[in-house]
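*Asks:* The following block contains the structure, expressed as structure tokens.
The values are calculated or read from the model by the stated rules, or taken from the named source; none is laboratory data. It should be emphasised that the depicted structure is a prediction, and the values quoted were computed from it without experimental measurement. Because the Cβ atoms are built from the backbone with ideal geometry, glycine has one as well, and the counts that use them run over all protein chains shown. Please note that ligands, DNA and RNA were not included when accessible areas were found on the heavy atoms of the full protein model with its side chains. Shrake-Rupley method; radii C 1.70, N 1.55, O 1.52, S 1.80 Å.
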Amino acid sequence: NNSLNEEGITSLTLGGVLPNPRLNLVYEGIKICKEQNIDLLLAVGGGSVTDTAKAISLGAKYEGDVWDFYTRKAKPITALPVGVVVTIAASGSEYSNDTVITNEKTGTKQALGSQLVRPAFALLNPELTMTLPYYQTACGCADIMMHAIERYFTSLKNVELTDRLIEGLLLTMIANTPRVLADLSDYNSRAEIMWASSLAHNGLLGT
């Protein structure tokens, strides 16, 4: 907030995002956006924060229930722009066109893919991930590798170049994960991992 205020940018903060982000908080964010005429959402955090912002961006421009999009009852046609400041390399949501939200009432977790929710910009500064503890850093690395692996072990033929890209990303993760876990302030390893996180989920490795 201080950085935005210094630039004369008015902002409101919505906290309380949980892992497997919840629909109730999305509703709260939508209400704020409509009442305050918000014109940009800035997600500062990881995948859950970013997915929440994406869902809010859709609901803020929709007169119905945003959950309609996740259950395929409606198709989004517009959304508020979303920017991202990444503080954990893991989900790759800062470059993806996906958002996943959990509905507490129904106990369901639904994904939605739309180019409307691909962030307008993302700031990737490895230094912002250096305060992450060992466990969260390790979990993020596992998440990145799984995004690549699930795209690699498919039966699709004639995707040799894509497979080589995936192998290169996995080799980078295999080399840098032990380095960053041995030294959580290793900038170079965190930079490699942060870049891998974004590339693993931006659609390139699913070509």
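*Asks:* To one decimal place, what orientation-averaged projected area in nm² is obtained for the convex hull of the Cα set of the chain?
*Replies:* Values: hull surface 50.8 nm².
So the mean shadow area of the Cα hull is 12.7 nm².
*Asks:* Largest first, how would Asp183, Asp39 line up by accessible area (1.4 Å probe)? All intermediate terms of the calculation are to be shown ahead of the outcome.
*Replies:* Working: Asp183 70, Asp39 115 Å².
Ranked from most to least accessible, the order is Asp39, Asp183.
*Asks:* Then there is this: Only helical DSSP H runs with n ≥ 4 go in: add -39500 (n - 2.57) per run for the chain, normalise by residue count and round the 222 nm mean residue ellipticity to 500 deg cm²/dmol. Intermediate results must be reported in sequence, preceding the final value.
*Replies:* Values: 7 runs with 92 residues, N = 207.
Computed ellipticity for the chain at 222 nm equals -14000 deg cm²/dmol.
*Asks:* What angle do you read, to the nearest 10 degrees and between 0 and 90, between the alpha-carbon axis of helix 134-152 and the longest principal axis of the chain?
*Replies:* Helix 134-152 sits at roughly 80 degrees to that axis.
*Asks:* While we're looking at this one, here's another question. For Thr207 and Asn1, compute 0.36 nm times the residue count separating them, minus their Cα-Cα distance, and round to one decimal in nm. Intermediate results must be reported in sequence, preceding the final value.
*Replies:* Working: separation 206, 0.36 × 206 = 74.16 nm, distance 3.85 nm.
Result for the pair: 70.3 nm of gain on full extension.
*Asks:* Give the accessible surface of the stretch 80-207 per residue, rounded to a whole number of Å², with probe radius 1.4 Å and ligands, DNA and RNA excluded. Display every interim value, and only then the final one.
*Replies:* Numbers: 6650 Å² over 128 residues.
Here the per-residue accessible area is 52 Å².
*Asks:* Taking the Cβ of Pro21 as the center, what net charge do the other residues with Cβ under 10 Å away carry, scoring Lys and Arg +1 and Asp and Glu -1? The partial results should precede the final answer.
*Replies:* Values: positive: Arg22, Lys54, Lys109; negative: Asp51.
Neighbourhood net charge equals +2.
*Asks:* A further question on this structure: By how many nm would the segment from Ile149 to Met130 grow when fully extended, if each residue of separation counts as 0.36 nm and the alpha-carbon distance is taken off? Please list the in-between numbers first.
*Replies:* Values: separation 19, 0.36 × 19 = 6.84 nm, distance 2.56 nm.
Extending this stretch completely gives an extra 4.3 nm.
*Asks:* Could you tell me which of rounded, prolate or oblate describes the stretch 95-200, using a ≥ b ≥ c as the square roots of the eigenvalues of the alpha-carbon gyration tensor, with rounded for a/c under 1.5 and, failing that, prolate when a/b is larger than b/c and oblate otherwise? Don't skip to the end; give the middle numbers.
*Replies:* Details: a/c = 1.73, a/b = 1.17, b/c = 1.48.
Because a/c hits 1.5 or more and a/b fails to exceed b/c, the stretch 95-200 counts as oblate.
*Asks:* For the stretch 46-126, what is the per residue volume of the convex hull drawn over the alpha-carbon atoms, in cubic angstrom? It would help to have the intermediate numbers written out before the result.
*Replies:* Values: hull volume 6.6 nm³, N = 81.
Given the Cα convex hull of the stretch 46-126, per-residue volume reads 82 Å³.
*Asks:* Where the accessible area of the chain is counted over protein heavy atoms with a 1.4 Å probe, how much of it, in %, is carbon and sulfur?
*Replies:* Carbon and sulfur atoms account for 55 percent of the accessible area of the chain.
*Asks:* Which of the pairs Lys75/Lys157; Lys61/Lys157; Lys31/Lys73 have their Cα atoms more than 30 Å apart in this structure? All intermediate terms of the calculation are to be shown ahead of the outcome.
*Replies:* Working: Lys75/Lys157 32 Å; Lys61/Lys157 41 Å; Lys31/Lys73 21 Å.
Listed pairs above 30 Å: Lys75/Lys157; Lys61/Lys157.
*Asks:* Post the alpha-carbon centroid distance, the stretch 16-30 to the stretch 156-189, in whole angstrom.
*Replies:* The two parts, judged by their Cα centres, are 32 Å apart.
*Asks:* Can you sort Tyr135, Tyr187 by solvent-accessible area, 1.4 Å probe, largest first?
*Replies:* Numbers: Tyr135 155, Tyr187 100 Å².
Largest accessible area first, the residues go Tyr135, Tyr187.
*Asks:* For the Cα atoms of the chain, what angle does the longest principal axis make with the long axis of helix 47-59, in degrees from 0 to 90, nearest 10?
*Replies:* 30
*Asks:* Something else about it: Ile174 to Leu123: FRET efficiency via 1/(1 + (r/R0)^6), r the Cβ-Cβ distance, R0 41 Å, to the nearest 0.05?
*Replies:* For Ile174 and Leu123, the calculated efficiency is 0.95.
*Asks:* So what does Arg151 come to for accessible area, using a 1.4 Å probe and Å² rounded to 10?
*Replies:* 50
*Asks:* For an R0 of 30 angstrom, estimate the FRET efficiency from the Cβ-Cβ distance between Lys105 and Ile32 and round to the nearest 0.05. Walk me through the intermediate numbers first.
*Replies:* Numbers: r = 21 Å, r/R0 = 0.69.
Here the calculated transfer efficiency is 0.90.
*Asks:* Oh, and also: Express in Å², to the nearest 10, the accessible area of Lys109 obtained by rolling a 1.4 Å probe over the protein heavy atoms while all chains stay in place.
*Replies:* 120
*Asks:* Going from most exposed to least, what order do Leu165, Leu156, Leu205, Leu132 have by accessible area with a 1.4 Å probe?
*Replies:* Working: Leu165 75, Leu156 115, Leu205 10, Leu132 35 Å².
Solvent-accessible surface, decreasing: Leu156, Leu165, Leu132, Leu205.
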